[in-house]
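Take a look at the structure below.
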Amino acid sequence: MLSILDRYFLRELAYGVIATAIVLLVIFAGGAFATVLQKVANGSIQPSVMFEVLGLQMVDLLSTLLPMSAFLGTLIALGRMYRESEMHVLASSGMGPSGMLRPVTLLTVIATIVVGTVSLWLGPLSARTADQVIAVANKSVIAAGLDAGRFTELPGKGGIIFVDTLSRDGTVLGKTFLASDHVDSQNRTSVRVVNAKSGRMYQESDGQNRFLALYDGWQYEIPLGADNWRRMKYERNDASLSSITDDDDEDPAHELATADLFKAHDADSLGELVSRFAAPVSTLVLMMMVLPMSRQAPRDARYGRLLIAVLAYFIYVIWQLIARAQIIKERLHTSIPIWILHIIVFAIAAWIFWRQNSPRRVKGAA
């Protein structure tokens, strides 16, 4: 049963963590939105699924956002209580270190479970789902904004298209009209007009280029400023749509389920597996770091400890990223150095917290 003091601590800590999470969520969302827009611009993602992909990416980013939110939010909340002398008053009233450890430990357990769930299951699931959404959208002309019964501009200056009917999945077209501009080697512009009784959309085997296969129709070549028009009847006429640009940031190992990573024995899978387990463990270590770093005198600078804490956080994370990069490059064949790093940082933070709260010997006392 939680005491009144425990509930007060939990409430203050929760407010700090939630406020920090909201601020970081806005920052992370801005960066993710810029990345998605760039992929839309180069053709990797269709505009119609942009926000769906953004939402799935934000779920995947929670494994990075939540540990940082718990760390900074708890640090800010405890730091405020130290600056306003609440901690000193509680200590003079008989509250020992355990009075602060209980609510922080409870918050740490909750945060670690949530981060572990996101890192080990929900994050990879959202990454796989986003990849599937993108793949399905790239196979459908509906994703390009095409709708039956109206003229639509194809992406990448592919021309104007009109269809009278369209299948539910956007791959089979009814009667089709397509018009586009072409410039030859002599810089002469011509208009190409194509009609067809039916059509369908398909991709190359590598999935990079998309085409419209048009059946049973006529194609007209109309040079602008000239009268040498050409007309051709065809049974099948393939028209190229915008190509799909490769996503350089794609990480196949990140989309694998955690159970599949255990079965794989390559360096990328080991690096991804270490990264997933590092998220909940880092949450535990960071919450231990909060306890000594939040302690300050009432007259200390408000953001002095916060800047030091942010610097310590980035040093801790950078060392993890360096170790993971060495694993992926096969310069390290084990994850032991990363676990040693977690243990060392946790032990140092626990020792400093113990020193801060241990009874001090009075000088000159027998």
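Solvent exposure of the chain, expressed per residue, is 57 Å² of accessible area, with all protein chains present and a 1.4 angstrom probe. The stretch between L101 and A226 holds 36.4 nm of extra length on full extension. This uses 0.36 nm per residue minus the Cα-Cα distance.
The candidate values were (i) 1.10; (ii) 1.19; (iii) 1.23; the one computed from these coordinates for Rg/Rh (Cα atoms, Kirkwood Rh) carries the label (ii). Length available on full extension from L311 to L37: 0.36 nm per residue minus the Cα-Cα distance, which gives 95.6 nm. When peptides 117-128, 284-295 are sorted by average Cβ neighbour count within 10 Å, with the highest value leading, the order is 284-295, 117-128. Based on C-alpha pairs under 8 angstrom that are at least 6 apart in sequence, the chain has a relative contact order of 17 percent. The share of accessible area on the chain that comes from carbon and sulfur is 63 percent, using a 1.4 angstrom probe.
Fully extending the segment from K197 to R302 would add 30.5 nm, taking 0.36 nm per residue of separation and subtracting the current Cα-Cα distance. Scanning the chain for DSSP H helices at least 15 Å long along the axis (C-alpha atoms) with a Kyte-Doolittle mean no lower than 0.5 picks out 4-41, 50-83, 97-117, 267-293, 304-328, 336-357.
The values are calculated or read from the model by the stated rules, or taken from the named source; none is laboratory data. This structure is a prediction, so every number in the text was calculated from the model and none was measured. Glycine gets a Cβ as well: all are built from the backbone with ideal geometry, and neighbour counts include every protein chain shown. In case anyone asks, the SASA skips ligands and DNA or RNA and just uses the protein heavy atoms, side chains included. Shrake-Rupley method; radii C 1.70, N 1.55, O 1.52, S 1.80 Å.
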